[in-house]
């Protein structure tokens, strides 16, 4: 018996054409920061929620124009710190003051004063872990690939172009309306970026008889 890799199509209806394309987003380029911020504000005020802006550098005020809410990451970090502090206190009280008492020179089995170093260390440690994994979760990382990364305008956004993309999974999305909106705000090179509607061809391990 040996393992051979064969291309297998998963969950693919027989009538589906593998070359069929689906819209990913309507994309537009803008000439400068002011035009980008104005376009982002207009898209948000029209009720779109699934859109994003791409710039070569951070743009002050863009998050407010997009209606981005304040992040909850500080609360996640605070929760991690409280969890670390509570864990440190409970650990030291349980081991030294309850489960395994040792009489060392008549000192108390548990006291806040000598627990401070462990309290500090676990508070910082769990706060850091909660912050790291909370950030990854909120940013949906790791995301190895997104279809928009194949768009030429998206690639230029890392150099000299400001880009707005309205994604096709937005409840209000229609190709005609999004194109008209972005053009009315001064967008250039307005186009619909598409991707394969059936990217499910993968290599699966199939057991076959060896000759």
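The values are calculated or read from the model by the stated rules, or taken from the named source; none is laboratory data. In this text, all values refer to a predicted model and were calculated from it rather than measured experimentally. A quick note on method: Cβ atoms are made from the backbone with ideal geometry, for glycine too, and the neighbour counts reach across all protein chains shown.
Taking (1) farther than 30 Å from residue 119 by Cβ; (2) in a loop (DSSP other than H, G, I, E, B) in turn, residue 63 satisfies each apart from (2).
For residues that are free of Cβ contacts under 8 Å to residues at least 24 places away in the same chain and part of a helix (DSSP H, G or I), tally how many sit in segment 94-119.
Let us first name the residues in segment 94-119 that are free of Cβ contacts under 8 Å to residues at least 24 places away in the same chain, namely 94-114, 116-117.
The next check asks that each one be part of a helix (DSSP H, G or I); those that pass are 94-99, 112-114, 116-117.
Total meeting the criteria: 11.
So if I check each of 125, 148, which one is assigned to a helix (DSSP H, G or I), in contact with a strand residue (DSSP E or B) (Cβ under 8 Å, 6 or more places away or on another chain) and at pLDDT 90 or above? Let's see the steps before the verdict.
Working: 125 fails: in contact with a strand residue (DSSP E or B) (Cβ under 8 Å, 6 or more places away or on another chain).
Residue meeting the stated conditions: 148.
Scanning segment 120-154 for residues that are farther than 22 Å from residue 83 by Cβ and touching a residue at least 12 places away in the same chain (Cβ under 8 Å) yields 147, 148, 150, 151, 153, 154. The conditions are (1) touching a strand residue (DSSP E or B) at 6+ places or on another chain (Cβ under 7 Å); (2) modelled with pLDDT of 95 or more, and residue 200 fails exactly one of them. Which is it? Against the list (1) touching a strand residue (DSSP E or B) at 6+ places or on another chain (Cβ under 7 Å); (2) modelled with pLDDT of 95 or more, residue 200 comes up short only on (2). Residues in segment 20-55 that are part of a loop (DSSP other than H, G, I, E, B) and either over 30 Å from residue 197 (Cα atoms) or touching a strand residue (DSSP E or B) at 6+ places or on another chain (Cβ under 7 Å) (or both): 5 in all.
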